[in-house]
Every structure is written in C-alpha cells, then in structure tokens.
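A short write-up of the structure that comes next.
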Amino acid sequence: MAENGKGRRRALGGFAIFLLILIILAICCDPEIRGLPSRREPAADAALTVYFLDVGQGDAALLLSGGESMLIDGGPRDSSETLLTDLESCGVTRLDYLIATHPHEDHIGGLPAVLEQVTVEECRMPDDTADTVAFERFLTALEEQDVSVDVPVPGDSFSFGSCTVTVLAPLSAAEEHNNNSIVLRITCGKTAFLFTGDMEDAEEGELLRSGAECSANVLKVAHHGSQYTTSIDFLQTVRPEIAVISCGTDNDYGHPHSALLRRLDDLGITAYRTDQCGTITITSDGKEVTITTEREAQP
Ligand SMILES: [Zn+2]
Ligand SMILES: [Zn+2]
C-alpha cells in the first residue's frame, strides 16, 4: 500500500511539473503577455480603421479602408523600429499613399525605414524643403525606391478605399514648415476625420477664412497639442467628438499645453493622448466612430 501511495504521489508530481511547463510555454508564446503587439485586424464592419501610432514625440497615423492603405507621417527616426513593427502587425506590406505633411524630423524621420521595407505606390508632400539630414535621407529613400511624388493642391480630392480624401491646406506657401502642413479631411459615409499635421495659427486662420468644410468627428490635434493652434474658433468650426493628441511622454516642449487641454474640456471634446493611451484605434462604419486604446489613460 505504501509503495502504491508513493507511486501515486510521483505520478501527481510529474503531472504538476508537466502543467507548470505548459503554463510557462503559454506565457512565453502569448505576444500580449510578452508586451509585443499581436496581429491587429480591422473590425469586420469597419469601412475605415485609423491607427494613431505611438511613436513618441511625433506623428504617424495608419489608415486602412477597402483593401487600401495610407500612412500620414512616420514619426521620428528613433521610433522607426516601433513603426515597422506596427505596420507588420497590421499586415501592411505596401502603402497606396504616403503623406509627409511637412519636412520636420518628428514627421519624416521614420519614413526612410518604411520606404526600405514597404512598397510605396505614391508619396504626397507640400512644396517645401528643409536643409536637414532628415529631409535629405527622406528624399534619397524616395529616389532609391523610385516613388512618384505629388504636391497636393487645396480642393483636390481622391478616393481611398470606401472614403474620400479632400486636401484643405496649405493654401499658400509659408516660411515656417509647420504652416505648410498638408491638411486632409477624410470622409467615410457620414463620418469625417481631420488631419492637421503641425499647422499653427497662421495656417489655421487661413483655413478658417477659406470657408472650407472642416467638420469632423475626429480631430488629429495640430502640432502635438501646442497652445498656439487649435483655437476655440477652429474647434467650434470642426466640432469634433474626439481629439487625438500625438506626443511623447515628458517631452521637452510641454506638449500638450494645459491651455489647449482646457479649450477641449470647455467644449466637451474628449482628448486621447498617445503618451498616455499608446496606439489609439478609431474605426468608422460610415455612421459612427468607435475608439479603442492600447492602454487606459491614468488620471
Ligand atoms: Zn511635429
Ligand atoms: Zn513640425
């Protein structure tokens, strides 16, 4: 009897070790538990999926609609690897459109790495150049990959998947790169998204005076939440439900500015920040938008 008891204990012990190994294997193989992004799939009923990617202090948004893809800006160079991982996890191996809103490093620095890894059909950028290493690298990468470059004109529109993209700005050439930012309004059924690059008050004022249709459910807040743009007038014209701010944790610029956050709050607009939420995903079914975030913002 004693021998049998020992045998049972040995068998139970062996089973426990086997279970432990299974649990360890499951933990090691689960990408979510390891902190790696799992493969992201757009929601089945989404006509448009927009990923505001967490690239630290910079901007990068990936848009997917009807089998087409668009990248608006590519964050700074030091976030290139994160950006490539994100594109891979979204299953993106080619981009129909690459938009470089303006030639600042925090928007184009990551694009040479993208151009090396992903087939880009065409690039759109403003008629603006910068005497910087980042801009040189970007131009070289475009040339090496033989990508056609187009300068969009305000009023131009083109179809993207089941959406329509309208170019709203820049309306005139400015000295400051930020005020040459390409501004796009993307409509999907009854919903709209507004992408503003780093537009500052000069470009914003010109856009308001143009009377162009700017209303949008989702506003990508200009210039990482700077206080010198996204005025009350502009917010009352756009009337967004959701404002997305792309900025890095404890960045040197104090973005987003408390005055801007107050303006959003006063108008009842919910702000989501990539430094707090990680990647912010917003889908549209053509009637309404739905938001999910990688992390919950800490109060
Ligand atoms: Zn910027
Ligand atoms: Zn800028």
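The values are calculated or read from the model by the stated rules, or taken from the named source; none is laboratory data. Predicted model, so just to flag it, every value in this text is computed and none were measured. Using ideal geometry, Cβ is built from the backbone for each residue, glycine included, and neighbour counts are taken over all protein chains shown. What goes into the accessible areas is simple: the full protein's heavy atoms, side chains included, and nothing from ligands, DNA or RNA. Shrake-Rupley method; radii C 1.70, N 1.55, O 1.52, S 1.80 Å.
Structure summary
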item	result
Test: residue in segment 217-225 that is open to solvent by 10 Å² or more (accessible area, probe 1.4 Å), modelled with pLDDT under 95 and under 25 Å from Ile291 (Cβ atoms)	no
Given (1) under 23 Å from Gly248 (Cβ atoms); (2) open to solvent by less than 30 Å² (accessible area, probe 1.4 Å), index of the condition Pro126 fails	(1)
Residue in segment 131-139 that is touching a residue at least 12 places away in the same chain (Cβ under 8 Å), away from ligand 2 (no atom under 14 Å from the Cβ) and surrounded by fewer than 22 Cβ atoms within 10 Å (Cβ to Cβ) present	yes
Among residues of segment 212-268, those that are within 15 Å of ligand 2 (Cβ to nearest atom), free of Cβ contacts under 8 Å to residues at least 40 places away in the same chain and of a type in the set (Ser, Thr, Tyr), counted	4
Segment 172-196 - residue that is under 16 Å from Val153 (Cβ atoms) and within 17 Å of the chain's Cα centre (by Cα) and, of those, nearest to ligand 2 (Cβ to nearest atom)	Ser181
Residue that is surrounded by the fewest Cβ atoms within 10 Å (Cβ to Cβ) [pool: residues in segment 278-299 that are touching a residue at least 24 places away in the same chain (Cβ under 8 Å) and over 22 Å from Ser65 (Cβ atoms)]	Ala297
Test set (1) within 20 Å of the chain's Cα centre (by Cα); (2) open to solvent by 40 Å² or more (accessible area, probe 1.4 Å); (3) within 19 Å of Gln57 (Cα to Cα) - Ser246 fails condition number	(2)
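Okay, residues lined up against (1) under 18 Å from Leu219 (Cβ atoms); (2) open to solvent by 10 Å² or more (accessible area, probe 1.4 Å):
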position: Thr93; (1), (2): no, yes
position: Pro112; (1), (2): no, yes
position: Ala169; (1), (2): yes, no
position: Ala173; (1), (2): no, yes
position: Arg185; (1), (2): yes, yes
